[in-house]
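Note sheet for the following structure.
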């Protein structure tokens, strides 16, 4: 069976949409955690809040059925410091019928998608 390039690109789009949704929830969670700790008793340490999360690769390659691609999440703090938070984010696919992604950020192409 020959698959069209458009169908394979769709797998990447599904992963990107799923990652954006999952990371938006993580950012909200970080804000909620930071807000709650910042109102703690005087003298306590507050958890710094992330200002951005970047996903690498930003433009995933065409993920073919049966192949894998590793994604990483890099958190940026307001002071410019960065940290690999790949293991701390929740990874999700917007369409698990075309691609899945595990807890470590490794995506696997399952089936050709449609645009």
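What FRET efficiency would be calculated for the residue pair residue 77, residue 102, taking the C-beta separation as r and a Förster radius of 22 Å, to the nearest 0.05? Using R0 = 22 Å, I get an efficiency of 0.25.
Between residue 64 and residue 52, the simple label model (points 7 Å from Cα in the Cβ direction) yields a spacing of 3.4 nm. Based on the convex hull around the alpha carbon atoms, region 65-115 presents an average projected area of 4.4 nm².
Computed from the coordinates by the stated procedures, all read-outs in this text should not be read as laboratory data. In this text, all values refer to a predicted model and were calculated from it rather than measured experimentally. Every residue, glycine among them, receives a Cβ derived from its backbone with ideal geometry; neighbour counts consider all protein chains shown.
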